[in-house]
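No value in this document is a laboratory result; all are computed from the given coordinates. Nothing here was measured: the structure is a model prediction, and the numbers come from that model. Positions of Cβ are generated from backbone atoms using ideal geometry, with glycine treated the same way; all protein chains shown enter the neighbour counts.
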Amino acid sequence: MDLQSLKRKEHQKRVKKGFMWALFCAVLWGLWYLPGTAVWVLNPFDQMYSEVAASSGDGVALVIVAVLITALNAATVILALGVWTGVLGKFGEMKRTAKEFHPCSKWFFLASIFGGPMAILGSFIAMGFVGGAFAAVAALMYPVVGAILASKWYGEKVTKRAFIGIIVIILGGITIFGGGVLSEIGSGNVLWVGYLGGLMAATGWGIEGAIAGKGLDIAEPDVGLTLRFIGEGLIWWIIAIPMLAIAGFPMIKYAILAFEPLTLMVLIFAGITFGFCYVSWYKSFPLIGVGRGQGIGNLYGLFAVIFIFLFFGDVPSWTILVGGALCLIGSTVMFSEDTGEMESLRGD
Amino acid sequence: MAGNRPVKFRILELCGSGKWNYEIVEQIQKEYDDLKGDFHRDSINFDIIELASGGMLEDVEVKVDEEGIYKKGFLLHKYVLTDFGRIRAADACLMYV
């Protein structure tokens, strides 16, 4: 076989694999909203909610329960990724990477602050109070935050095409948030905390993406992602949970009560889907380019809405469907521009 | 010398003046005791591809592996560090920069 046809073959193989990983990421990410929504009605979390609500009110109870759920989610993600890096034989590389504080672990830890207490906590809050479909679709606004930060921090130019994409996504965001809030103003009961959670998810993931890239591009992604979640685990289990326990909330009691077969199974399902959606996301980047990887990854919003409909029978309101469609169109416009990597992969 | 810094750091160091992927993989496997075997060989090669797609390495030459130095019948790639790769390597405090 000659050089040209071999080049073509290698390129096609990479692109095929890359699309597979990106699609895998979207499906897993969408699936994550199933356990994330279901866990709220399971024991001990609904019990915990009523106990805290009785003494401190609904709003506080919501956040406190969301903290415990997010902390347990971080723990099961660490477990899933720990098994993954172990099977791949990358513990040695993990030690070498963790020691590089200045170029690597510093960024992973910073990323975990925005990813964990902001994005994932916000997602759980939104799932608990507004619904899984809303939480999933609201987070679709994260590329806007990412693009703004990249232009502020790294002086990246926002092209005309990216700007159009941003406008479309923002219109989608207004539809999603505005539609929900308006219909609830009508019924006289607005769940502001839930909507705040949706905003936290979009902002947090946007910031996390901009920061994590700095450390991840010179580290092994499998290893880097595991370290990022270990960072998040430390924040929850060394800082947040003990502090809330000292403040008098029943954190420890309910954390132990979570060791119940059904609850544990749902939490582990959340850990596996969330952990591996990150892994497959990063695997897709070198094969098809970051832009395409993120664009396809964003189909998670669509998958989440479909899965929630299939498993819970919830039909989302039309504002979520229209807004979600706008966000998907916008992110496709934004990401499809980035063909640089594709060219260099083609090698001609 | 046993490798004690992350693999990608070492790859960036090795590519300063251009190197073939099989040379890089061979060198890394010699230096790192925990990365022997075919599985790690492919995994190190994927690290190189990742660095190239991140714009830190550039693919400057391609040839067919006729004799099976790396994988018979597949392509061999020669990579060289880019300017961006030099900046990122400097962030990681690599020596030669």
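Taken one residue at a time, the phi angles of segment A:160-176 give Karplus couplings (6.51, -1.76, 1.60, θ = phi - 60°) of 4, 5, 4, 5, 4, x, 4, 4, 4, 5, 5, 4, x, x, 4, 4, 5 Hz. Gly and Pro are set to x. Annotation: the residues A:Lys214, B:Lys8, A:Lys253, sorted from fewest to most other C-beta atoms within 10 Å of their own C-beta, follow the order A:Lys253, A:Lys214, B:Lys8. Assign one of three labels to segment A:66-179, namely rounded, prolate or oblate, based on the Cα gyration tensor with a ≥ b ≥ c the square roots of its eigenvalues; rounded applies when a/c is under 1.5, prolate when it is not and a/b is larger than b/c, and oblate otherwise. In terms of gyration-tensor shape, oblate.
Computed 3J(HN,Hα) for segment B:72-86, one whole-Hz value per residue from the Karplus formula 6.51 cos²θ - 1.76 cosθ + 1.60 where θ = phi - 60°, is 4, x, 9, 8, 10, 10, 10, 10, 9, 5, 8, 4, 4, x, 4, glycine and proline marked x.
Determine, for A:Phe124, A:Phe307, the number of other Cβ atoms within 10 Å of each Cβ, and report the residues in order from fewest to most. Don't skip to the end; give the middle numbers.
Values: A:Phe124 28, A:Phe307 21.
Fewest-to-most Cβ neighbours within 10 Å comes out as A:Phe307, A:Phe124.
Considering all C-alpha pairs of segment B:7-91, those separated by over 19 Å amount to 34%.
What ranking of A:Ile308, A:Ile329, A:Ile218 emerges when the number of other C-beta atoms within 10 Å of each C-beta is taken as an exposure proxy, fewest first? Provide the component values of the computation, followed by the final result.
Working: A:Ile308 24, A:Ile329 15, A:Ile218 27.
Placing the least packed residue first, the sequence is A:Ile329, A:Ile308, A:Ile218.
Per residue Cα convex hull volume for the protein assembly as shown, in cubic angstrom?
Details: hull volume 65.8 nm³, N = 445.
So the per-residue hull volume is 148 Å³.
Restricting segment B:47-97 to GluC sites (Glu not before Pro) that sit in a DSSP loop and have at most 12 other Cβ atoms within 10 Å of their own Cβ leaves B:Glu66, B:Glu67.
Calculate the FRET efficiency for A:Gln4 and A:Leu264 from the Cβ-Cβ distance with a Förster distance of 56 Å, rounded to the nearest 0.05.
Details: r = 55 Å, r/R0 = 0.97.
The pair A:Gln4/A:Leu264 has a calculated efficiency of 0.55.
With each label modelled as a point 7 angstrom along the Cα→C-beta vector, the B:Asp42-B:Asp65 pair spans 1.2 nm. Across chain A, C-alpha contacts under 8 Å between residues 6 or more apart give a mean separation that, scaled by the residue count, equals a relative contact order of 38 percent.
With 22 Å as the limit, write out which pairs from B:Lys8/B:Lys30; A:Lys90/A:Lys283; A:Lys13/A:Lys157 have Cα-Cα distances beyond it, or answer none. Each step should come with its number before you reach the end.
On the way: B:Lys8/B:Lys30 15 Å; A:Lys90/A:Lys283 15 Å; A:Lys13/A:Lys157 32 Å.
Check vs 22 Å cut-off fails for A:Lys13/A:Lys157.
Centre-to-centre, using Cα atoms only, segment A:225-289 and segment A:38-108 are separated by 2 Å.
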